[in-house]
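Since every read-out is calculated from the coordinates, none of them should be taken as a lab result. All of these numbers come straight from a predicted model, not from anything done at the bench. Heads up, the Cβs are rebuilt from the backbone with ideal geometry, glycines too, and the neighbour counts pull from every protein chain shown.
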Amino acid sequence: MARILLIEDDDAVRNLLGLTLNHFGHTVIEARDGKEGLELFKEAKIDLVITDIVMPKKDGIEVLMKLVEIQIPMVKVIAISGGGRQSAIDNLRLAKFMGAAKMLAKPFSNEELMAAVNELLPGSRASKPAAK
């Protein structure tokens, strides 16, 4: 399965997303903000990045800009954003413009998350939970 870097400042959301991704067999590396996420990205071989947009220290747009700058063509990015409905839509439009492959507005379901992951990582399809 894939190695996924999950960058999310909200502990509850990060834990829930991490559990979901682990449940489907993925290895999840968690970061609490964009600065920590970029440091972890440099240290590990990552197949997919899932990043929140609005975060302290470095936001998701800064993460996208840095990933484009270091030009890692094989990594795909899913941008996620919540808050007010219109601000989330605006943030996700900007993320798409900056290079995110998929966008998800919070709240989203586990099915929506996994559909996006599976679409971007077709070689590691996980439609069923990992065997225990």
Distant-in-sequence amide H partners of Lys58 (H built 1.01 Å from N, under 5 Å) = Gly34, Lys35
About its Cα centre, what dipole magnitude does the chain give when the only charges are +1 on Lys and Arg Cβ and -1 on Asp and Glu Cβ, stated in debye to the nearest 20?
-> 360
Under 14 Å, Cα to Cα: Lys pairs in the stretch 41-102, sequence gap 8 or more or different chains | 7
Quick note on Arg32, Arg85, ordering by fewest other C-beta atoms within 10 Å, gives Arg85, Arg32
Structure-derived volume of the Cα convex hull per residue in Å³ - corresponding label in (i) 178; (ii) 156; (iii) 95 | (iii)
